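Student: Quick one: structure below, then a few questions.
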Amino acid sequence: MKKRSVRVFGTAVALFMGVMLTACGSSSDSSGYAKYAATETAADYGVYEEPAAAMEMADTSAGTDGQTQVNDTSRKLIKTVNLDTETEDLDQTVSLIEQKVTGLGGYIESSNIYNGTTYSGRSSRSASITARVPAVNLDSFVDSVEGNTNITRKSVNVDDITLTYVDIESKRNSLRTEEKRLLEILESAETVEDLITVEDKLADVRYELESIESQIRSYDNLVDYSTVYLNIEEVVKFTPVEKESAFSRMGKGFMENLSDVGEAIVDFLVWFVSHIPGLIVFVIVVVIIVLIIRAIVVGSKKKKAKKMQMMYQAAAQNAAPVASNQAPQQAKEPEKGNDGNK
């Protein structure tokens, strides 16, 4: 009996120790798997960890006054601004904009000035300017334009290319590493076939590397220099921005129509005076044409009257011999009658 109880106790202890060892083993395996997974994740996405951490550190920094200040310099942002403006002096405004762009360290990419004229002598002038301004001075330039012109339309577009830029940089670094390894292999190549194969691969890598570096330079230029599209129109009066009352709009509309009538009269007088030489020539040509037509009509009437007169004369001449032949016959008939009476 005592031996049987000792065996049962020993079996129970053995089972307990086995369960404990299994639990310890599973916990160590799970911790090892977690460590491996974390290592694998960090290895796979390590390219993005450093920029992301840098952006998080740069997003917020404690100020001296205890408030949070935004100071994000790691993001790659392409800013584009479109401005439709009005001015009363186009030449002066264009000159001020060019000076401001140069003073801020930018440059004019393109500039087109349209001097459109009408037959009335009035001109409708406009300008289209594409300016490249350093991104840090973009707000200063836009404020300057708003202060010197009347803004009728404004739009700002921001394109965040941070992730794309990071991907391209990562690919560039990989290509540089591959280029370095190919150069090392090229130095140790022993056969001509190996040499040709390595050189072909190296040429492909360098071509792709140059293309990526060119794309990076293009992105850097777009990020460092914001693009501003300016459409400037020269006007007599600025377009009102504030909403006006009905009576104010009616009064202003009446005055504008009255002004338009006066301008129309002035335009007509300008047109008439400026076209007097042409009008004189036109009148002379019309008078000559009328005289020619009148002469033709009068000549035609004269010819017709002369022709009728000639016809009447011919008819009269033909009628005269007939009358002379009939007269002797009438004279002889009474004689015969007299003879008969005798």
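The values are calculated or read from the model by the stated rules, or taken from the named source; none is laboratory data. Since we're looking at a predicted model, the values are computed, not measured. We place every Cβ from the backbone using ideal geometry, glycine too, and count neighbours over all the protein chains shown. Remember, those area values only see protein heavy atoms, side chains included, never the ligands or the DNA or RNA. Shrake-Rupley method; radii C 1.70, N 1.55, O 1.52, S 1.80 Å.
Student: So how many residues does the stretch 240-278 have that are at pLDDT below 80, of a type in the set (Ser, Thr, Tyr) and surrounded by 11 or more Cβ atoms within 10 Å (Cβ to Cβ)?
Tutor: So the count comes out to 2.
Student: Can you tell me how many residues within the stretch 85-109 are over 15 Å from Ser124 (Cβ atoms) and open to solvent by 20 Å² or more (accessible area, probe 1.4 Å)?
Tutor: Result for the stretch 85-109: 13.
Student: I need a count of the residues in the stretch 184-199 that are touching a Leu at 6+ places or on another chain (Cβ under 8 Å) and open to solvent by 60 Å² or more (accessible area, probe 1.4 Å). Break it down into steps so the answer makes sense when it comes.
Tutor: Step one: of the stretch 184-199, the residues touching a Leu at 6+ places or on another chain (Cβ under 8 Å) are 186, 189, 195, 198-199.
The next check asks that each one be open to solvent by 60 Å² or more (accessible area, probe 1.4 Å); those that pass are 195, 199.
Residues in the stretch 184-199 being touching a Leu at 6+ places or on another chain (Cβ under 8 Å) and open to solvent by 60 Å² or more (accessible area, probe 1.4 Å): 2 in total.
Student: Where the second residue is hydrophobic (A, V, I, L, M, F, W, C) and surrounded by fewer than 15 Cβ atoms within 10 Å (Cβ to Cβ) and the first is at positive phi and lies in the stretch 207-231, which pairs have Cβ atoms under 9 Å and are six or more apart or on separate chains?
Tutor: Listed pairs, sorted by first residue: none to list.
Student: Can you find a residue that is part of a helix (DSSP H, G or I) and modelled with pLDDT under 90 anywhere in the stretch 58-80?
Tutor: So in the stretch 58-80, the residues part of a helix (DSSP H, G or I) come out as 58-59.
Applying the additional criterion that residues be modelled with pLDDT under 90 yields 58-59.
Yes, the conditions are met somewhere in the stretch 58-80.
Student: Which one is farthest from Phe268 (Cα to Cα), of the residues in the stretch 119-159 that are assigned to a helix (DSSP H, G or I) and open to solvent by less than 40 Å² (accessible area, probe 1.4 Å)? Spell out how you get there, then give the answer.
Tutor: Pass one, the stretch 119-159, residues assigned to a helix (DSSP H, G or I): 135-148.
Pick out the ones that are also open to solvent by less than 40 Å² (accessible area, probe 1.4 Å) and you get 135, 138, 141-142, 144-145.
Values: Ala135: 51, Leu138: 47, Phe141: 43, Val142: 41, Ser144: 40, Val145: 37 Å.
My answer is Ala135.
Student: Anything in the stretch 200-233 that is in contact with a Leu (Cβ under 9 Å, 6 or more places away or on another chain), in a helix (DSSP H, G or I) and either closer than 27 Å to Ile151 by Cβ or modelled with pLDDT under 90 (or both)? List them, or say none.
Tutor: Within the stretch 200-233, just Val223 meets the criteria.
Student: Say whether the condition of being at negative phi, touching a residue at least 40 places away in the same chain (Cβ under 8 Å), part of a strand (DSSP E or B) and surrounded by fewer than 17 Cβ atoms within 10 Å (Cβ to Cβ) is met by at least one residue in the stretch 160-182.
Tutor: Among the residues of the stretch 160-182, at least one is at negative phi, touching a residue at least 40 places away in the same chain (Cβ under 8 Å), part of a strand (DSSP E or B) and surrounded by fewer than 17 Cβ atoms within 10 Å (Cβ to Cβ), which makes the answer yes.
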